Amino acid sequence: MSQPEIHPMQTGPAVKKASVFFTLVMSVITLGIYVPYWFISRREALNRLDSEVTLPSAPAKIVFILYILSAIFLPVAMIGGEGMMRLYDTLDIPITYGGMAVCLYLAMRTRLILNEHLGVKSVGPVKTFFLWIWYLQYKINAHL
């Protein structure tokens, strides 16, 4: 088993490198559950980078749990009939949009961490806004 790559300004595990294609496929296969997981799994290493900005742990964990509960409740609602599906839709819409807002916030904070660590503004806000973790993973792979 190979040792994790350590960036010179880090103590501890390096930020995980992964294929952008893998990240995209996992996001689709898991119906978005992978997005908050991506932040959870990289938070510690990102917070070790040379930056005053940090990623909080609670928002991604809350979204992750809510997304999983929503995914579990979907088949139950489908079996339960029209009333259960209406209840599911009523709950799922704010969970989805709220989760998206939280993940966008975390993506922008990650962008700030990377830019501060690298000392240049190489991670753009527009691409981060539209491409989220896939763009961030691309930048991590290229620079760390």
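Based on DSSP H assignment, which helices of the chain show an axial Cα extent of at least 30 Å together with a mean Kyte-Doolittle hydropathy greater than or equal to -0.5?
Helices passing the filter in the chain: 58-80, 82-118.
What ranking of PHE129, PHE39 emerges when the number of other C-beta atoms within 10 Å of each C-beta is taken as an exposure proxy, fewest first?
Ordered by Cβ neighbours within 10 Å, fewest first: PHE129, PHE39.
Taking the chain, how much of its Cα-Cα pair set, in percent, is spaced more than 18 angstrom apart?
59
Using Cα centres only, tell me the gap between segment 82-144 and segment 33-55 in whole Å.
Taking the Cα centre of segment 33-55 as reference, the centre of segment 82-144 is 12 Å away.
Can you work out the FRET efficiency for the pair LYS16 and VAL120, with r the C-beta to C-beta distance and R0 = 30 Å, to the nearest 0.05?
The value I calculate is 0.85.
Under a Cβ-only charge scheme (Lys and Arg +1, Asp and Glu -1), can you give me the dipole magnitude of the chain about the Cα centre, in debye to the nearest 20?
300
Suppose only helical runs count, i.e. DSSP H with n ≥ 4. What mean residue ellipticity at 222 nm does that imply for the chain under -39500 (n - 2.57) per run, divided by all residues and rounded to the nearest 500 deg cm²/dmol?
-25000 deg cm²/dmol
Once fully extended, how much extra length lies between TYR97 and ILE68, figured as 0.36 nm per residue of separation less the alpha-carbon to alpha-carbon distance?
Gain in length upon complete extension: 9.0 nm.
For VAL76 and THR90, calculate 0.36 nm times their separation in residues minus their Cα-Cα distance, and state this gained length in nm to one decimal.
Working it through step by step, the gained length comes to 3.6 nm.
Rule-based calculations on the coordinates, nothing more; no lab input. All values derive from a computational prediction rather than experimental measurement. Quick reminder, even Gly has a Cβ in these numbers, built from the backbone with ideal geometry, and neighbours come from all protein chains shown.
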